[in-house]
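Beneath this line is the structure, given in structure tokens, with notes to follow.
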């Protein structure tokens, strides 16, 4: 008999040098930059109310639900077994659990129920945390939240719809609004031929009196196609359609006032690059019942109040995703060894991780400052109202431009395991471009910024006032602000070709000014040198010699 023990087929399958499963993480307690921003920008009740969400969103249970919601995307159900039209979207149970997490705790409603008292800071911080559970679920939460300013243009619509919108109860049943305990809202604005150029929309709205309806019938009929309908299982949709007076804003419910299914046909669900847990549909209005919102012919101006809200959320979500990616990379490099020591002990890896952490700190600071401007505007503060016109676009543009490269760099930190679908990095990488495209792509946002600067000079004046306390404290910031002032004074026709540089630098200078005033010196100084100074590089991990890397790394997580 041989002295050598028989080998089994599994003898080589010993898992070593791999990080342990992350387990439960308190996303609020572990996030020092967020806690500092909340202490600075928000009332005391906001972090107290957020505390349970931080624990739950980072729990292993909720993280598993986020993975499941992406692995099992929504399915379109056009007909029942007998051939009756359903026009419904079926979601995996994980999606509904995540919707309960958001809506049953009022995060879609808090901005309005506590408006002017920190409600917008609470909403933005909650969205940042919810994004780290599953970004796609945040779309219907954002749409529902953002519908309230539009409803205010119609006292009758507000009285009928606002109580359900503000209710802390996620009710996914396809029923008339009067039979439901809580309501969600979607948006259907863009069309194939126009995209962001919504003035070219061809969907037509006609009053019932002109469509052969019974005398005295109230409402309008919409006919046309919408290329993107966000959250197609919502209880009502805000949409644009042409009238004799011009483009109007309309509320289109899933069920007509007499309880019948409205004539909204789902044509197909989009098969998107990312955002897979959330459904986006092409729809057809076939004489769908609708009610007008806002002044006739002023649909764009009316709906832009919703867009301002969604843009702030679209500026916040990428920062939440970057934070999630940073945590995944940081956990991996602390526990993974190569060449005789942990990756986190190797100088080049430390530089990359520290630079990623700087980006998250700056994003959190800017997102929370914009949220405070919204609450200040609600209180009637003219300076905050001026900032609220400008800052959402700056933050949306720049945070989303930084996101895809950030995800790719975090994925590299994990190596091959980061590129497989079992890792959250693959999902985050696919998700990264979506908020840059939704609510206005980069060029559209930059043109909107130019329009704000031209029509509302008080917005730029408020910006200079906001960064003024940071002047004289960092030479890179001072030099960049001087260049910005010279460029902003140029004629409009010379600004447009340089609009991207202008918007990028406005966003970065505000980030820098916030960090200079409120963050530790090692954070502020390194950020200014790497984003505004001569050491700035096109990729993450390019830090000046002597950078306080250890201090930056200590701020990532306890």
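Readers should treat all values here as calculations from the given coordinates under stated rules, not as data from a laboratory. Quick caveat, the model's predicted, so the values are computed rather than measured. Because the Cβ atoms are built from the backbone with ideal geometry, glycine has one as well, and the counts that use them run over all protein chains shown.
With n ≥ 4 as the cut-off for DSSP H runs, can you work out [θ] at 222 nm for the chain, using -39500 (n - 2.57) per run divided by the number of residues, rounded to the nearest 500?
Numbers: 21 runs with 282 residues, N = 558.
It lands at -16000 deg cm²/dmol.
Hey, could you get me the Stokes-Einstein D for the stretch 23-92, Kirkwood radius over alpha-carbon pairs, 4 °C and 1.567 mPa s, rounded to whole µm² s⁻¹? Present the calculation step by step, with values, prior to reporting the outcome.
Details: Rh = 15.1 Å.
In µm²/s, the coefficient is 86.
Modelled spin-label separation between residue 104 and residue 455, with each label point placed 7 Å from Cα along the Cα-to-Cβ direction: 4.3 nm.
Helix 60-71 axis versus longest C-alpha principal axis of the chain: approximately 60°, rounded to the nearest ten.
Label sites at residue 517 and residue 86, each approximated as a point 7 angstrom past Cα along Cα to Cβ, lie 5.4 nm apart.
Is the shape of the stretch 32-151 best called rounded, prolate or oblate, per the rule: a/c under 1.5 gives rounded, else a/b larger than b/c gives prolate, else oblate, with a ≥ b ≥ c the square roots of the Cα gyration tensor eigenvalues? Intermediate results must be reported in sequence, preceding the final value.
On the way: a/c = 3.42, a/b = 1.71, b/c = 2.00.
Oblate.
Mind giving me the FRET efficiency for residue 77 and residue 17? R0 is 45 Å, r the Cβ-Cβ distance, nearest 0.05 is fine. The partial results should precede the final answer.
Values: r = 47 Å, r/R0 = 1.03.
It comes to 0.45.
Once a ≥ b ≥ c are taken as the square roots of the eigenvalues of the Cα gyration tensor of the stretch 269-424, is the result rounded (a/c under 1.5), prolate (a/b larger than b/c) or oblate (a/b not larger than b/c)? The shape class here is oblate.
How big is the shadow of the Cα convex hull of the stretch 183-297, averaged over all directions, in nm²? Kindly include the intermediate steps, with their values, before the conclusion.
On the way: hull surface 30.3 nm².
If you wrap the Cα atoms of the stretch 183-297 in a convex hull and average its projections, you get 7.6 nm².
Indicate the gyration tensor shape class of the stretch 422-558 (rounded, prolate or oblate), computed on the Cα atoms with a ≥ b ≥ c the square roots of the eigenvalues: a/c under 1.5 is rounded; otherwise a/b larger than b/c is prolate and the rest oblate.
Numbers: a/c = 2.08, a/b = 1.21, b/c = 1.71.
Since a/c reaches 1.5 but b/c is at least a/b, the shape of the stretch 422-558 is classed as oblate.
Helix 347-378 and the longest principal axis of the Cα set of the chain meet at an angle near 30°. If the chain linking residue 199 and residue 383 were pulled fully straight, counting 0.36 nm for each residue of separation and taking away their Cα-Cα distance, it would gain 63.1 nm. The long axis of helix 299-335 is offset from the longest Cα principal axis of the chain by roughly 20 degrees.
Mind jotting down a quarter of the surface of the convex hull over the alpha carbons of the stretch 222-271, in square nanometres, one decimal? Averaged projected hull area, Cα only: 4.1 nm².
Counting beta carbons within 10 Å around each of 323, 261, 475 and listing the fewest first gives the order 475, 261, 323.
Taking other Cβ atoms within 10 Å as a rough exposure proxy, 444, 124, 539 sort from fewest to most as 539, 444, 124.
Taking other C-beta atoms within 10 angstrom as a stand-in for reagent exposure, 104, 525 fall in the order 104, 525, fewest first. Length gained on full extension, residue 346 to residue 334: 3.3 nm, using 0.36 nm per residue less the C-alpha separation.
Would you mind getting me the FRET efficiency between residue 260 and residue 301? Use the beta-carbon distance for r and R0 = 30 Å, nearest 0.05.
Values: r = 32 Å, r/R0 = 1.06.
Working from the Cβ atoms, E equals 0.40.
Using the Cβ-Cβ distance between residue 479 and residue 209 with R0 = 56 Å, the FRET efficiency computed as 1/(1 + (r/R0)^6) comes to roughly 0.30. The modelled label-to-label distance for the pair residue 441/residue 175, using points 7 Å beyond Cα in the direction of Cβ, is 4.2 nm.
Consider all pairwise Cα distances in the stretch 243-302 and report the whole-number % of them above 15 Å.
Numbers: 1111 of 1770 pairs.
Percent of Cα pairs beyond 15 Å in the stretch 243-302: 63.
Once the Cα gyration tensor of the stretch 106-240 is diagonalised, what are the square roots of 5 times its eigenvalues, in whole Å and ordered largest first, as equivalent ellipsoid semi-axes? Computed over the stretch 106-240, the values are 29, 19, 14 Å.
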